[in-house]
Structures are given as structure tokens and as C-alpha cells.
Amino acid sequence: MNTSKKWPRCAAVIGAGTMGLGVIECFAAAGLTVTLTDAGPEQTRRAKERLVERARSHAEAGLVSPEVVDRVEEVETADGAAEAASEADLVFEAVFEDLNLKHEILTACSAAASVEAVIVSNTSSLPMEDLAEAVRRPERFCGMHWFNPPEWTPGVEVIPAPTTDTRVIERVVEFLRSIGKRPTVVGSKPGFVANRIQMALFLEAVRCVEEGLASPKEVDEVVRSCFGFRLPFFGPFQIADMAGLDVYRSVLEILRNGLGERFETPEALRKLVERGRNGTKSGAGFLDYSDEERERLLLERDRRYAALNELLEKLPPVEAGSEGGP
């Protein structure tokens with residue numbers, strides 16, 4: 001495998017929908033030579049036009065520099081997946097979430113690409129082992145799940161297939177960090193991590209509306225201004241540790257009694273509480289905390305929450321739609 005410090009130099013993006021175009025802008029802004037292709041020559045031509053318009057609108061809004069527009073205008077086009085992949089160090093497949101279509105594209109790309117090229121799929125749900133079946137030399141293949149809008153959302157899930165070489169994962173993670181992303185390596189199970197948690201939240205939000213607890217607009221406000229307010233800084237395990245795992249267990253028992261088995265207390269949580277690991281207040285929960293670490297964490301939490309609240313007060317409200325729906 002190529003050990004050049006500068007990797008990748010050239011990227012091919014196959015599929016120019018919302019995600020593909022956003023990823024291309026990120027790659028171009030990072031200085032990569034990028035080639036795009038879509039379903040056909042005419043679709044590719046229109047995709048390039050949309051890409052340039054998108055970058056110009058971002059520059060006009062002050063979100064990117066004019067130099068990024070110049071780089072986007074230099075993005076090349078190809079008449080098909082094989083042509084686009086032929087000169088690429090990194091092949092980024094971003095076509096519609098259909099296994100047969102992805103197999104077709106991955107087969108064409110892996111046949112045309114250099115043997116050292118890394119090939120990734122931007123799937124949000126398909127198993128890596130199923131996708132890897134279509135790739136020649138599948139040790140160079142993995143998932144790279146970006147989130148919408150890809151230009152601004154920092155998180156990217158990197159998903160190895162059972163056949164993926166660990167050096168490929170290391171290279172992909174290093175690259176993503178170099179362009180300002182925050183990659184996390186996760187396993188190949190339905191929904192991976194982000195969509196699994198996001199869909200669980202969405203289902204409960206819909207149930208709250210269906211049961212008459214609140215309107216969609218009111219549910220959005222609760223999520224945004226209550227527990228969602230904490231999420232830019234902390235994940236669910238650290239939030240639980242700071243709140244108290246014994247408190248979480250008590251709340252879950254109430255929810256289990258009122259709403260059923262989907263709120264059954266996890267065995268991992270039950271065991272921690274039984275061992276007295278109730279979170280930061282006891283020095284240990286899902287994580288361990290020294291006295292110094294606990295005090296520093298709680299103070300930093302308060303500083304960050306106060307800063308975010310001040311920022312939100314300064315920003316104009318986001319215009320929401322009117323109430324409707326079911």
C-alpha cells in the first residue's frame with residue numbers, strides 16, 4: 001500500500017446527490033483533485049452546475065472563502081464510474097441506497113481503480129460484508145458514513161467490513177481528521193450507531209405526538225432546549241454519569257411500569273448501581289473519575305452550557321413551519 005504522507009491526492013465521487021455534492025465540496029476545499037460522475041453525462045453536467053452554485057451560495061453567506069469556489073470550479077467530470085475511478089487514490093461511492101446498484105458501481109470502480117486505491121461506500125444502513133462482496137481486493141474497502149449537511153457536520157462513522165485491512169481504516173481516519181472531521185470507527189450492524197440512536201429518539205418523539213402529550217413543534221422545542229442542549233458537548237454515557245445512574249434507574253422503572261418493556265432497565269446499568277457506581281458523585285459510573293477530574297468536568301460543563309446559552313440568545317430564531325401533519 002502506498003505510504004505517501006499526502007493521501008489522498010485524487011478522489012472520485014460516484015453519485016452527485018445532496019451527500020455526494022457536499023462531500024465533493026469538502027474534498028475540494030481540502031485541496032484534493034476531485035472527479036465527479038452521476039447517472040449519465042447530462043446528469044453529471046447538471047450536477048457540476050449545482051455544485052458550483054452551492055459553493056458560491058456558501059461563499060456569499062460567508063461560510064467558505066472565495067478560494068473554495070475556485071477549487072470547486074476545478075472539479076473534473078467523468079462519463080462513468082470506471083472512468084472516474086481510474087486515476088483516484090480514494091473512490092467514494094455515494095449512489096442511492098440500493099444493494100444491487102451499489103454492487104454494480106463497486107464492481108466497476110474496483111475493476112478500474114488502481115490496486116492501491118481505497119474504496120468506500122457512504123451507506124447509512126447496508127451491511128459492510130454484503131457490499132464488500134462486489135469489491136475486488138475487499139481488504140481496501142470500508143464504509144464511510146457522512147451526515148447531512150456533510151460540509152458542516154463533523155462526525156463520520158467509519159465501518160470496517162470483516163475483510164478490511166486495519167491499515168486502510170487507520171489511513172481513512174487520519175485523512176478525515178486532516179480535513180476537520182471527527183471520525184469514529186463502529187461495527188457493521190443495522191443502523192450502525194448514529195442512525196440506531198437517532199431513529200430510537202424519533203420513534204419516541206412520534207409516540208409523544210400520537211399520545212397527545214405535545215405537538216411536533218412542542219416536542220422539537222423540548223428536545224432542542226432540554227436534553228438536546230447538552231449533546232454538542234457530551235454523549236449519553238457521560239450525561240448519565242453526571243445526572244446519576246441511580247436516578248436513571250429510578251426513572252426507567254417508572255417508564256417501564258407505564259410504557260412497557262422498551263424501557264426495561266439495561267443489565268449493565270443495574271449492575272453498576274448495585275456496585276455503587278452511580279456516576280460522578282460516587283467517583284465512578286460508566287467512566288471513572290478522580291476528585292480532580294470530577295470537579296474539572298462539572299465546572300467545564302457549566303462553562304460550556306453557559307456559553308451555548310449565550311450564543312443561542314444572540315442568534316435569531318429559526319423560522320419553523322406551521323403546525324400540520326397527522
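Could you work out the helix-only [θ] at 222 nm for the chain, with each DSSP H run of four or more residues adding -39,500 (n - 2.57) and the total divided by the number of residues, to the nearest 500 deg cm²/dmol?
Only helices count here, giving -15000 deg cm²/dmol.
Work out, step by step, the length gained on full extension between Leu299 and Glu74: first 0.36 nm times the residue separation, then minus their alpha carbon distance; give nm to one decimal.
My answer for the length gained is 76.3 nm.
Would you work out the charge dipole size for the chain about its Cα centre, treating the Cβ of every Lys and Arg as +1 and the Cβ of every Asp and Glu as -1, and quote it to the nearest 20 debye?
With only Lys, Arg, Asp and Glu charged at Cβ, the dipole is about 780 debye.
Residue by residue, what Karplus-based ³J(HN,Hα) values in Hz, rounded to whole numbers, does the range 42-57 have, using 6.51, -1.76 and 1.60 with θ = phi - 60° and x for Gly and Pro?
Karplus-based 3J(HN,Hα) across the range 42-57 equals 5, 5, 5, 4, 5, 5, 4, 5, 5, 4, 5, 4, 4, 5, 4, 5 Hz.
Listing Leu51, Leu297 from the residue with the fewest other Cβ atoms within 10 Å to the one with the most, what is the order?
Ordered by Cβ neighbours within 10 Å, fewest first: Leu297, Leu51.
Using a 10 Å cut-off on Cβ atoms, rank the peptides 209-218, 178-187 from the highest mean neighbour count down.
Answer by packing, highest mean first, reads 178-187, 209-218.
Give me the percent of DSSP beta bridges within the chain that run antiparallel, rounded to the nearest 5.
DSSP beta bridges in the chain are roughly 20 percent antiparallel.
Placing +1 on the Cβ of each Lys and Arg and -1 on the Cβ of each Asp and Glu in the chain, which of Ala85, Phe27, Ile197 has its Cα farthest towards the positive end of the resulting dipole?
Ranked along the dipole, the leading option is Ile197.
Which net charge results when you count Lys and Arg as +1 and Asp and Glu as -1 among the other residues whose beta-carbon is under 15 Å from that of Leu252?
After counting each charged neighbour, the total is -2.
How about Lys102: which aspartates and glutamates have a C-alpha closer than 18 Å to its C-alpha, ignoring those fewer than 8 places off in the same chain?
Once the sequence-local aspartates and glutamates are set aside, what remains near Lys102 is Asp38, Asp79, Glu83, Glu93, Glu129, Asp130, Glu133, Glu139.
Among the aspartates and glutamates, which fall within straight-line cross-link reach of Lys271, defined as a Cα-Cα distance under 17 Å, with same-chain neighbours fewer than 8 residues apart omitted?
Reachable aspartates and glutamates: Asp241, Asp246, Glu253, Asp288.
In nm, give the distance between the simple-model label positions of Thr107 and Glu170, each being 7 Å from the Cα along the Cα-to-Cβ direction.
So the two model labels end up 3.4 nm from each other.
Spin-label point model (7 Å from Cα, Cβ direction): what's the Thr18 to Val223 distance in nm?
1.5
Coordinate-derived values only; no laboratory data. Worth saying up front: this structure is predicted, and the values here are computed from it rather than measured. In this analysis, Cβ positions are derived from the backbone assuming ideal geometry, glycine residues included, and neighbour counts consider all displayed protein chains.
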